[in-house]
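K.L.:
Structure below; questions to follow.
The values are calculated or read from the model by the stated rules, or taken from the named source; none is laboratory data. What you see is a predicted model; the values in this text were computed from it and never measured. Cβ sites come from the backbone with ideal geometry, for glycine too, and all protein chains shown count toward neighbours. The accessibility values were calculated without ligands, DNA or RNA, using every heavy atom of the protein model including side chains. Shrake-Rupley method; radii C 1.70, N 1.55, O 1.52, S 1.80 Å.
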Amino acid sequence: MVRAIIEYESEPDPDRYRQHIAEYASKVACSAFRHGPVTGSPLGEPKYRYYAEFEWDDQDSFKTAARSPEFAASGQDAASMGIPFTVHFATIE
């Protein structure tokens, strides 16, 4: 399994994030998309305030999606919200 993990420094406006999902994130070919607020950290205040992830069953489906115009458009729209974020790709055993 492969996941794209997105961590936002602040929580996005709920209406704007719903728009992002409807117009962009939901168009990315994946087996699952999840998102929600970060609610805490074991060492004080969390560094990130909002979390999202895409999930794919295998490397091949991830590579296909990562090269797609829909994946690029989702990233561009996320950046247009003006909230700094990080993205990591992880292979899950």
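K.L.:
How much area per residue is accessible in the chain when the probe is 1.4 Å and only protein heavy atoms are counted (Å²)?
P.N.:
On a per-residue basis, 61 Å².
K.L.:
Also, quick follow-up: Can you tell which of 53, 45, 11 shows the greatest fluctuation in a Gaussian network model of the chain with Cα springs below 10 Å?
P.N.:
Result for the chain, Cα springs under 10 Å: 45 fluctuates most.
K.L.:
Once both axes come from the Cα atoms, what is the angle between helix 14-23 and the longest principal axis of the chain, in degrees from 0 to 90, rounded to 10?
P.N.:
Computed tilt is about 0 degrees.
K.L.:
Taking the Cα atoms only, what angle lies between the long axis of helix 69-80 and the longest principal axis of the chain, rounded to 10 degrees?
P.N.:
Helix 69-80 sits at roughly 20 degrees to that axis.
K.L.:
Given contacts defined as C-alpha pairs under 8 Å and at least six residues apart, what's the relative contact order of the chain, whole-number percent?
P.N.:
Reported as a whole number, the value is 51 percent.
K.L.:
Once neighbouring chains are kept in place and the probe is 1.4 Å, which whole percent of the accessible area of the chain is contributed by carbon and sulfur?
P.N.:
Answer for the chain: carbon and sulfur cover 53 percent of the accessible area.
K.L.:
Another one. Tell me, what is a quarter of the convex hull surface for the C-alpha atoms of the stretch 37-93, in nm² with one decimal?
P.N.:
5.2
K.L.:
Explain nothing, just the number: dipole magnitude of the chain about its Cα centre with +1 on each Lys and Arg Cβ and -1 on each Asp and Glu Cβ, in debye rounded to the nearest 20.
P.N.:
I would put it at about 100 debye.
K.L.:
Mind listing which trypsin sites (Lys or Arg not before Pro) in the stretch 45-81 are in a DSSP loop and have 10 or fewer other Cβ atoms within 10 Å?
P.N.:
67
K.L.:
Rg and Dmax of the stretch 1-78 over Cα atoms: what are they, in angstrom?
P.N.:
Both quantities, over Cα of the stretch 1-78: 13.3, 39 Å.
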